[in-house]
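Structure first, then comments.
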Amino acid sequence: MITAVSHLAFAAENPKQAADDYAVVLDRQPAVYTTDDGKPFYRFQLANIALEISQGTGGESGLTGLGFEAADIETTARKLGRRGLGIGPVVRQ
């Protein structure tokens, strides 16, 4: 069972500028990471959700994914699969 939305992932044409803009709105600085292909990745952790901003591919921008917390991730993944909803890599935190 899904228990919470963990994070929202966004792609931006200019992720640094987008992160700078969100820093003003959210009144905090993001954590900066590097993706496997060497591109910067920005994460704003709020009390109940995180916002992640990365480089869009092929001019893509906007919402690219959302992460959920689940009490039993294997059961939840099977349930989503049976309903035709694809999932990305499972990350345990």
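Annotations
- In the stretch 37-53, the residues that are part of a loop (DSSP other than H, G, I, E, B) and under 16 Å from Thr64 (Cβ atoms): Asp37, Lys39, Ile49
- Residues of the stretch 7-21 that are under 14 Å from Thr64 (Cα atoms) and either outside any helix (DSSP H, G or I) or touching a Gly at 6+ places or on another chain (Cβ under 6 Å) (or both): His7, Leu8, Ala9, Phe10, Ala11, Ala12, Glu13.
A quick yes/no check of all residues on (1) within 22 Å of Ala12 (Cβ to Cβ); (2) in contact (Cβ under 8 Å) with a residue 12 or more places away in the chain:
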position	(1), (2)
Gly38	yes, no
Tyr42	yes, yes
Gln45	yes, yes
Gly56	yes, yes
Gly67	yes, yes
Asp72	no, yes
Arg78	no, no
Leu85	no, no
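- Qualifying position, being open to solvent by less than 90 Å² (accessible area, probe 1.4 Å), part of a loop (DSSP other than H, G, I, E, B) and out of contact with any Lys or Arg (no Cβ under 7 Å at 6 or more places or on another chain), among Gly84, Gly65: Gly84
- Some residue of the stretch 16-38 being among the hydrophobic types (A, V, I, L, M, F, W, C) and modelled with pLDDT under 95: no
- Scanning the stretch 1-56 for residues being of a type in the set (A, V, I, L, M, F, W, C), open to solvent by 30 Å² or more (accessible area, probe 1.4 Å), under 30 Å from Asp72 (Cβ atoms) and out of contact with any Asp or Glu (no Cβ under 8 Å at 6 or more places or on another chain) gives a total of 4.
The values are calculated or read from the model by the stated rules, or taken from the named source; none is laboratory data. Computed from a predicted structure; not experimentally measured. Heads up, the Cβs are rebuilt from the backbone with ideal geometry, glycines too, and the neighbour counts pull from every protein chain shown. Calculation scope for accessible area: heavy atoms of the full protein, side chains included, ligands and nucleic acids excluded. Shrake-Rupley method; radii C 1.70, N 1.55, O 1.52, S 1.80 Å.
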